[in-house]
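Report on the following structure.
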Amino acid sequence: MAAQAQNEPAKFGKLDAKDLTPAPFLADSAAEAVMLSDYGTARVDVAANQKLQLVFERTTRIKILKKSGFDWATVEVPLANASEKMSSLRGFTYNLVNGQVVKDKLESDGKYFDDVNKRIRIRKFTMPNVREGSVIEFSYSVVSENFFNLPDWQFQHTIPVRWSEYRASYPEYFDYRTLMQGYLPLSLREQSEGSTFFGNQAVRTWQYRWAMKNVPAFVPEPFITTARDFVARLDFELAGVRFPNGLGNGITFDWARFDRELLQDDDFGQQLDRGGFLKEALAKLPATTRLEDKVAAIRTMVQQAVKYNEYESIYTTAPLKRTFTEVRQGNAADINLLLIAALRAAQIEANPVLLSTRDHGRLNEALPLLSRFNYVVAHVALADGKDLFVDATDPLLPSGALPERCLSYTGRLLLKSPGQSRWIEIKPSQRRVHYQQARLTLSADGSMSGTVREEFGGYTGAKVRAELQKLGDGKYRSQFAGQHSSWTLPKFTVLAREELAKPLALEYEFSQAGGDAAGGSFYLSLLDGFGSDENPFRLDTRTYPVDFGTTQEETIMMTLTLPAGYELSESPKAAVVDLPEDGGRFMYSVTGTEGTVQLTSRMYLRKPMYAAAEYEHLREFYRLMLAKQAEKLVIRKKA
């Protein structure tokens, strides 16, 4: 039997009444919702106008178990504005009321559009009368003129899935490749042959069926890019098209075609050499001979002229001249393509680098698909052979530092010469650095006071600067004080706020009453309020990498002055903990001299990403570090 001819896994409108009772869902009581069935089909066929089209249909049924699961009742369907249309949208919410099944129909007031940009709009709808225990069901079709991109399919979600099935059918003219992703096996995979008519001609079709049963919920942990990179899903690549009987030459979809079409696009490549209007503004910049300084000055000029609107895109929304002189705000492409145009107008060779941000998903170098990219930055080749990546969306980072969202390891460098474009490694130019130096004084009554200097370097500095900018100094200080509820902060100063190449610094005084005293002795955890107190890695095992994006360094140095007549009686032993293959190190030491105690804690993570196989070592590394930092010092009166 052909795969496409088999019965559908669920019929729209025919609900099993037991799905409205709690009994079948006792095993899922921890979940906020359960996807009962998710069924999709995609087929390439001939429209009434004899043109090829792609028809995608989806029917989904979800059981809502908790209020936190109400978000599943709002659905978003992205559409390419010019080439895709959504139709046949229908839906019902089912509830059990006094033993009777009551259903509420999705009406027009629950459907609306959200225009992201001139290329993408999102059709949204919200199911009516959703309660704990409701079952929602919806179905829709999307017809697309772009038959090159077979829709992807996601089997795994952040809620359990009872049954997920996808079917595809297309004529033998097309060579689609499938890429299975994730760590779960398919429950069903079938392939068969069928036939259809294209005009008056019978054509062989390829028919496929994929399914998964009882798919566990994907549980996100800290330090990942996006769940999309790790959930069970199917991606498709159209490798080529060859029509019969001389109806068309073979079309190959490769990176050369990808590069050429994008550089010819009026909202991308054709904008890059239209920077003549910038010559007057460029002439006002201070003269400098160092290339990096020239680039930094032009970046600042762009930042002062155009504000980032928080939208990620590879396409401009308006001509660059209008963006620079009138609109004064724009998405990532508006700003960074303007930056490239300005660099070129200043006779600096600059080219675009396409990438996918961390929350958009990693790139597959086998897939020449525009939908995999959502961001663009500038590239300048330095005389020493190094790559300078420049982004003008974030004024809180120095020139040459990409925003953290761009730390996705690889990008596509588009060069003017045909066939010269290539993949390029994206290395972070900044680390996350946190340095704390404290000078503390312990009084005989157990109270403590001191001065502290904290420095936040690299991406940590950018984060703190952003918080200060958002909250203002007063609210930031209050928030900081709230994290140290036992402290009084009589003095609090922010330093190097505008000097982006330097770490941002906080200098403050603090005091706290009462110590952990017993019989004239003090038991002190000096790192309370300074170090971490919780291991971010809680699962025993992890099937996907730990991705920090960049390397890290945390240093705490303390000097504690003891009250007269007291000494360090007991202290934690020094410790050194190393990760395998020089992946990181933690060092801890406490020394006592006459009247003072010196404590040093340093942690280095030397890799931006740790493989799943390294997770156990990383988790143990954090456990040992936190346990050591929590050990107490014992201060006693001298005998």
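The values are calculated or read from the model by the stated rules, or taken from the named source; none is laboratory data. Predicted model only: the values in this text are computed from it and were never measured. A quick note on method: Cβ atoms are made from the backbone with ideal geometry, for glycine too, and the neighbour counts reach across all protein chains shown. Note: areas computed on protein heavy atoms with side chains; ligands, DNA, RNA excluded. Shrake-Rupley method; radii C 1.70, N 1.55, O 1.52, S 1.80 Å.
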Worksheet entry | R439 being in contact with a Gly (Cβ under 7 Å, 6 or more places away or on another chain), closer than 30 Å to E594 by Cβ and of a type outside the set (S, T, N, Q) | yes
Those strands (runs of 3 or more DSSP E) completely within the range 169-279 that have 2 or more residues that are touching a strand residue (DSSP E or B) at 6+ places or on another chain (Cβ under 8 Å) and among the acidic types (D, E) are 188-198, 233-241
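Here is a yes/no grid of residues against (1) touching a Ser or Thr at 6+ places or on another chain (Cβ under 8 Å); (2) at pLDDT 95 or above; (3) open to solvent by 20 Å² or more (accessible area, probe 1.4 Å):
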{"site": "G400", "(1), (2), (3)": "yes, yes, no"}
{"site": "K416", "(1), (2), (3)": "no, no, yes"}
{"site": "K427", "(1), (2), (3)": "no, no, yes"}
{"site": "G461", "(1), (2), (3)": "no, yes, no"}
{"site": "R465", "(1), (2), (3)": "no, yes, no"}
{"site": "Q479", "(1), (2), (3)": "no, no, yes"}
Y476 without any contact (Cβ under 8 Å) to a residue 60 or more places away in the chain, over 24 Å from L407 (Cβ atoms), in contact with a Lys or Arg (Cβ under 9 Å, 6 or more places away or on another chain) and not in a strand (DSSP E or B):
yes
Scanning the range 387-426 residue by residue, those part of a loop (DSSP other than H, G, I, E, B), over 20 Å from S313 (Cβ atoms) and touching a strand residue (DSSP E or B) at 6+ places or on another chain (Cβ under 8 Å) turn out to be S399, G400, Y409, L415, K416
Exception for A392 within (1) in contact with a Ser or Thr (Cβ under 7 Å, 6 or more places away or on another chain); (2) at pLDDT 95 or above falls at (1)
Every listed condition ((1) under 20 Å from F147 (Cα atoms); (2) modelled with pLDDT of 90 or more) holds for Q191 save (1)
Requiring at least 2 residues that are open to solvent by 70 Å² or more (accessible area, probe 1.4 Å) and within 16 Å of A17 (Cβ to Cβ), the strands (runs of 3 or more DSSP E) wholly within the range 81-141 are 100-105
From the option list L489, L527, single residue qualifying as assigned to a loop (DSSP other than H, G, I, E, B), over 26 Å from E404 (Cβ atoms), open to solvent by less than 70 Å² (accessible area, probe 1.4 Å) and modelled with pLDDT under 95 is L527
Of (1) in contact (Cβ under 8 Å) with a residue 24 or more places away in the chain; (2) closer than 27 Å to F548 by Cα, W487 satisfies every one except (2)
If we keep only residues of the range 552-574 that are modelled with pLDDT under 95 and part of a strand (DSSP E or B), then the residue least open to solvent (accessible area, probe 1.4 Å) is Y566
Of the listed residues (P536, P503), the one being in contact with an Asp or Glu (Cβ under 6 Å, 6 or more places away or on another chain), open to solvent by less than 70 Å² (accessible area, probe 1.4 Å) and not aliphatic (A, V, I, L, M) is P503
Exercise. Taking the condition of a type in the set (D, E) and either closer than 22 Å to L396 by Cβ or assigned to a loop (DSSP other than H, G, I, E, B) (or both), does E310 pass?
Worked result: yes
Those residues of the range 584-614 which are open to solvent by 50 Å² or more (accessible area, probe 1.4 Å), among the hydrophobic types (A, V, I, L, M, F, W, C) and either in contact (Cβ under 8 Å) with a residue 40 or more places away in the chain or not in a strand (DSSP E or B) (or both) amount to M609, A613
Note: among E326, E349, just one is in contact with a Leu (Cβ under 9 Å, 6 or more places away or on another chain) and open to solvent by 50 Å² or more (accessible area, probe 1.4 Å), namely E349
Listed by first then second residue, the pairs whose first member lies in the range 490-503 and is hydroxyl-bearing (S, T, Y), whose partner is surrounded by fewer than 16 Cβ atoms within 10 Å (Cβ to Cβ), with beta carbons under 8 Å and at least 6 positions apart or on separate chains, are T493/E507
Counting only residues that are open to solvent by less than 40 Å² (accessible area, probe 1.4 Å) and either over 14 Å from D267 (Cβ atoms) or free of Cβ contacts under 8 Å to residues at least 24 places away in the same chain (or both), the range 304-323 contains a total of 5
Matching residues in the range 142-168 (in a strand (DSSP E or B), open to solvent by 30 Å² or more (accessible area, probe 1.4 Å) and of a type outside the set (D, E, K, R)) number 3
Scanning the range 174-232 for residues that are among the basic types (K, R) and under 30 Å from A30 (Cα atoms), the one surrounded by the most Cβ atoms within 10 Å (Cβ to Cβ) turns out to be R228
Of those in the range 357-391 that are hydroxyl-bearing (S, T, Y) and touching a helix residue (DSSP H, G or I) at 6+ places or on another chain (Cβ under 6 Å), the residue nearest to P403 (Cα to Cα) is T357
Checked against (1) among the hydroxyl-bearing types (S, T, Y); (2) surrounded by 14 or more Cβ atoms within 10 Å (Cβ to Cβ); (3) out of contact with any Lys or Arg (no Cβ under 6 Å at 6 or more places or on another chain), T541 satisfies every condition except (2)
Scanning the range 35-80 for residues that are in a helix (DSSP H, G or I) and open to solvent by 20 Å² or more (accessible area, probe 1.4 Å), the one farthest from Y170 (Cα to Cα) turns out to be K67
Cβ pairs under 8 Å, 6+ apart or interchain, first in the range 615-639 and among the aromatic types (F, W, Y), second outside any loop (DSSP other than H, G, I, E, B), ordered by first then second residue, are Y615/V546; F621/V577; F621/L579; F621/G584; F621/F586
When every residue in the range 369-386 that is in a strand (DSSP E or B) and of a type outside the set (G, A, S) is compared, the one farthest from the chain's Cα centre (by Cα) is V380
Within the range 352-381, the residues that are among the aliphatic types (A, V, I, L, M) and open to solvent by less than 10 Å² (accessible area, probe 1.4 Å) are V353, L354, L355, L367, V376, V377, A378, V380
R439 fails exactly one of (1) assigned to a helix (DSSP H, G or I); (2) modelled with pLDDT of 95 or more, namely (1)
